[in-house]
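Everything on this sheet refers to the single structure shown next.
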Amino acid sequence: MALTITNLSKTYPNGVRALKNVSLTVGSGMFGLLGPNGAGKSSLMRTVATLQEPDAGAIQLDGIDVLKQKDDVRRVLGYLPQEFGVYPKMSAIDMLTHLAILKGITGAGERKTMVEALLQQTNLWDVRKKALSTYSGGMKQRFGIAQALLANPRLIIVDEPTAGLDPAERNRFLNLLSSIGRDVTVILSTHIVDDVLELCPRMAIIAQGEMLLEGSPSECLATLQGQIWSHVLSSDDELKAIEAELKVVSSHLVAGQHEIRVFAPTKPGPAYESVPTELEDVYFLTVARHSVN
Ligand code: ADP
């Protein structure tokens, strides 16, 4: 399974250039599309999911021309949009059965087997008869995955699925995503660096409609190896002075003390300690460098 996006551009009628000449190749397995809010992730995902048209560019999914053969795409696509609406009074099992019919799974026996298996897989079996309106955020998202998996899709798109989940729900959701077969392609769009770090062997960073970096997390980390330094601040005023001279990547409180991470090609001073690069550093610097340009 290969998805190839070539020179995709989109400007909305209000003048916002949401996608600027975006190219990207996504193979089998989990792919992380990382970018801040407003980066263009949903615009890109909706376009791949055949829900909106680009102004220019092409998308190929194996032999399918995504922008022209929309029905062919929809047959192999599972999509969990950012805003996933359900009929709140319906139970999970009824809703999933209804969606299975819409997906064209017409055989009653096949449909029942598939719906039941998906409810088991997403750990919703015990609550399958409860109204979806009573579900927690994590349960709703797992239901979202159940519907995305209907009819054995080969490409699954999940748009910002962990935003708003508590740590336990997020964990359960990420475990579920990672359990989806390796021969399908899963694109996980997110602004949460740890989602990508935990799940995705390949990733890309997008900001302001432009694709900025693509590779494995370790390739992305290698771009900054040996250039991240940590330093414990002696006072709050010190931070301002450092910011005037150095690129401060992040600042954390550690046991009540402010610890900063800075980017510098060489050791900035005796009080700085070399630390391993984290994906968060790469993400922050990639996005920050771009917004300066
Ligand atoms: P992300 O999913 O990364 O948050 P979006 O694709 O939702 O990014 O948005 C990219 C940019 O396009 C943002 O500036 C957003 O406000 C704008 N945008 C998104 N959808 C529309 C729309 N339907 N009409 C006008 N502007 C839009």
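The values are calculated or read from the model by the stated rules, or taken from the named source; none is laboratory data. As the structure is a computational prediction, the values presented were derived from the model and not from experiment. Because the Cβ atoms are built from the backbone with ideal geometry, glycine has one as well, and the counts that use them run over all protein chains shown.
A single entry from ALA39, ALA58, ALA151 fulfils the requirement of being touching a strand residue (DSSP E or B) at 6+ places or on another chain (Cβ under 6 Å) and assigned to a loop (DSSP other than H, G, I, E, B): ALA39.
Evaluation of VAL262 against the conditions (1) surrounded by 18 or more Cβ atoms within 10 Å (Cβ to Cβ); (2) assigned to a strand (DSSP E or B); (3) within 25 Å of the chain's Cα centre (by Cα) shows that the sole unmet condition is (3).
Among the candidates ILE93, ILE156, the residue that is outside any helix (DSSP H, G or I), modelled with pLDDT of 95 or more and of a type in the set (A, V, I, L, M, F, W, C) is uniquely ILE156. Scanning the range 150-177 for residues that are in contact (Cβ under 8 Å) with a residue 24 or more places away in the chain and loosely packed, with under 15 Cβ neighbours inside 10 Å, which turns out nearest to the ligand (Cβ to nearest atom)? Applying the filter and picking the extreme gives GLY164. Any residue that is assigned to a loop (DSSP other than H, G, I, E, B), within 29 Å of LEU279 (Cα to Cα), in contact with a Leu (Cβ under 8 Å, 6 or more places away or on another chain) and within 10 Å of the ligand (Cβ to nearest atom) - is there at least one of those in the range 6-23? Checked against the condition, which is being assigned to a loop (DSSP other than H, G, I, E, B), within 29 Å of LEU279 (Cα to Cα), in contact with a Leu (Cβ under 8 Å, 6 or more places away or on another chain) and within 10 Å of the ligand (Cβ to nearest atom), the range 6-23 yields no hits at all. Among the residues of the range 24-54, those that are touching a helix residue (DSSP H, G or I) at 6+ places or on another chain (Cβ under 7 Å), more than 13 Å from ILE205 (Cα to Cα) and within 13 Å of the ligand (Cβ to nearest atom) comprise GLN52, PRO54. Would it be correct to say that VAL127 is more than 17 Å from MET30 (Cβ to Cβ), aliphatic (A, V, I, L, M) and assigned by TED's automatic domain parsing to the domain that holds TYR79? Considered against the rule, which asks whether it is more than 17 Å from MET30 (Cβ to Cβ), aliphatic (A, V, I, L, M) and assigned by TED's automatic domain parsing to the domain that holds TYR79, VAL127 comes out as yes.
Under 6 Å between Cβ atoms, which residue pairs at least 6 apart in sequence (or on different chains) link something in the range 27-49 that is in the same structural domain as ALA207 (by TED's automatic domain parsing) and hydroxyl-bearing (Ser, Thr, Tyr) with a partner that is near the ligand (Cβ under 9 Å from one of its atoms) and outside any loop (DSSP other than H, G, I, E, B)? As it stands, the answer is SER42/ASP159; SER43/LYS10; SER43/ALA18; SER43/LEU19, since those pairs meet every condition given.
With respect to the conditions (1) within 16 Å of the ligand (Cβ to nearest atom); (2) within 16 Å of VAL184 (Cα to Cα); (3) in contact with a helix residue (DSSP H, G or I) (Cβ under 6 Å, 6 or more places away or on another chain), GLY78 falls short on a single one, namely (1). Among the residues making up the range 194-222, those that are of a type in the set (A, V, I, L, M, F, W, C), touching a Ser or Thr at 6+ places or on another chain (Cβ under 9 Å) and more than 28 Å from SER9 (Cβ to Cβ) are LEU199, LEU221, ALA222.
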